[in-house]
1. Applying the selection to the range 264-297, what residues are under 16 Å from THR202 (Cβ atoms) and of a type in the set (Phe, Trp, Tyr)?
2. For the range 183-208, how many residues are over 17 Å from ARG246 (Cβ atoms), of a type in the set (A, V, I, L, M, F, W, C) and not in a strand (DSSP E or B)?
3. Take the residues in the range 161-214 that are β-branched (Val, Ile, Thr) and touching a Phe, Trp or Tyr at 6+ places or on another chain (Cβ under 6 Å), then tell me which one is nearest to LEU232 (Cα to Cα).
4. So is ASP13 modelled with pLDDT of 95 or more and over 20 Å from the mean Cα position of the chain (by Cα) or not?
5. Report, by residue number, each residue of the range 262-285 that is out of contact with any Cys (no Cβ under 7 Å at 6 or more places or on another chain), part of a loop (DSSP other than H, G, I, E, B), touching a residue at least 60 places away in the same chain (Cβ under 8 Å) and surrounded by 16 or more Cβ atoms within 10 Å (Cβ to Cβ).
6. Could you tell me which of the residues ARG161, ARG183 is out of contact with any Pro (no Cβ under 7 Å at 6 or more places or on another chain), farther than 20 Å from CYS226 by Cα, among the basic types (Lys, Arg) and exposed (fewer than 15 other Cβ atoms within 10 Å of the Cβ)?
7. Could you run through the range 60-80 and say how many residues are within 18 Å of PRO181 (Cα to Cα) and part of a helix (DSSP H, G or I)?
8. Which residues, taken from the range 152-182, are assigned to a loop (DSSP other than H, G, I, E, B) and more than 16 Å from the chain's Cα centre (by Cα)?
Amino acid sequence: MEGASAPDVPVVDLVDGPGVIAALSTVGFVALREHGVPEADLSAMRQLLVDLFALDKASKARQAITRENYRGFIPLHFFTPNRDSGALEGAAKADAFEGYKLHWECPPEHPVRNECDLYGPNRWPECPVEMPQIVESWWASMEGLVDRLLDVLADEMELDRSVLTEAMAAPLTNTTLLHYPARRADDPAPGFHPHKDITVVTVLDPDPVGGLEVRKRNGRWVEASCPEGALLVNVGDVLEVWSGGRLVSTPHRVVISNGVERYSAPFFAVPNHRVVAEPMIEPVDGFETRSIPMGYVQSEVWRTNWPDEAAADTHSHLGGID
């Protein structure tokens, strides 16, 4: 950490609009207090993660992701981010996690299902039987937090709140429930390779065992510490573009080196498939203005997660870092 006077990730109350903006425009991460997400939902999700990944290999295989449906269990070491790896630090080894992929639960009658193949029903394992109810309650609480955060950002940055509301209707929001098996302390592994999120924001209830690191502007990696009861929020590429570069999408990674298991459930808030993210306000000097077509980019993320697939468009930033 850089000195004892202030944490590398600022700790701010959600109601402190200027403080939230200051944190997200410098570090790109903030530890949010007074966030309004019930502890009961967070606690239930923490226990669900332990129970879910305790299932045997056969049970996980029956609910594994497929090319046609990116929902279900992600096998351990499935991701090997070594395609075009010149821009990826530490890309020689496979990521040392297993996961379970869930997306916004799209109602069967919703017309968006006829517009984009990314929408559909989630898959649920036979156990834990209470998983759908736990996820539904947790998801609603996380959506509520994202909504309140967008209120703050719209007020402080004079963004058009109605445009944000429309963008987040029938969203491509998703989560990856994650389990990082324990590693020997003398055998650190890239739990999750360095990347940025192609989201509006990402919300995380951090595992107290640590391991999440943020790359500061000086290039140094620091631990994303978070006080008990707070939630970590980071800016994604979409919000960086919407804000004209005022808010910063920051590279981050997970390093497993303390000999204990790690669990997490990042909530990725992603707009509707029709959205083409572009600056909503005048970009800051030096910001490389670009647009992000959400449907196309998310489908490419889905497709290129398979080890034998490569990105079709080198101009698409699929979470890689410079």
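1. Taking the range 264-297 first, the residues under 16 Å from THR202 (Cβ atoms) are 264-271, 277, 292, 294, 297.
Passing the criteria: PHE267, PHE268.
2. Residues that pass the stated criteria total 2.
3. Of all residues in the range 161-214, those β-branched (Val, Ile, Thr) come to 163, 165, 173, 175-176, 198-203, 209, 214.
Those left that are additionally touching a Phe, Trp or Tyr at 6+ places or on another chain (Cβ under 6 Å): 173, 175, 199, 202-203, 214.
Details: THR173: 17, THR175: 15, THR199: 14, THR202: 8, VAL203: 6, VAL214: 12 Å.
Taking the candidates together, the pick is VAL203.
4. Details: modelled with pLDDT of 95 or more: yes; over 20 Å from the mean Cα position of the chain (by Cα): yes.
So ASP13 fits the description; yes.
5. ALA265, PRO266, VAL270, PRO271, ASN272, VAL275, MET280
6. Details: ARG183 fails: exposed (fewer than 15 other Cβ atoms within 10 Å of the Cβ).
Testing whether each residue is out of contact with any Pro (no Cβ under 7 Å at 6 or more places or on another chain), farther than 20 Å from CYS226 by Cα, among the basic types (Lys, Arg) and exposed (fewer than 15 other Cβ atoms within 10 Å of the Cβ) leaves just ARG161.
7. Result for the range 60-80: 2.
8. Restricting attention to the range 152-182, the residues satisfying the condition of being assigned to a loop (DSSP other than H, G, I, E, B) are 158-160, 168-173, 181-182.
Residues satisfying the conditions are GLU158, LEU159, ASP160, ALA169, ALA170, PRO181, ALA182.
The values are calculated or read from the model by the stated rules, or taken from the named source; none is laboratory data. What you are looking at is a predicted structure, and each value in this text was computed from that prediction instead of being measured. Backbone-built Cβ (ideal geometry, glycine too); neighbour counts: all protein chains shown.
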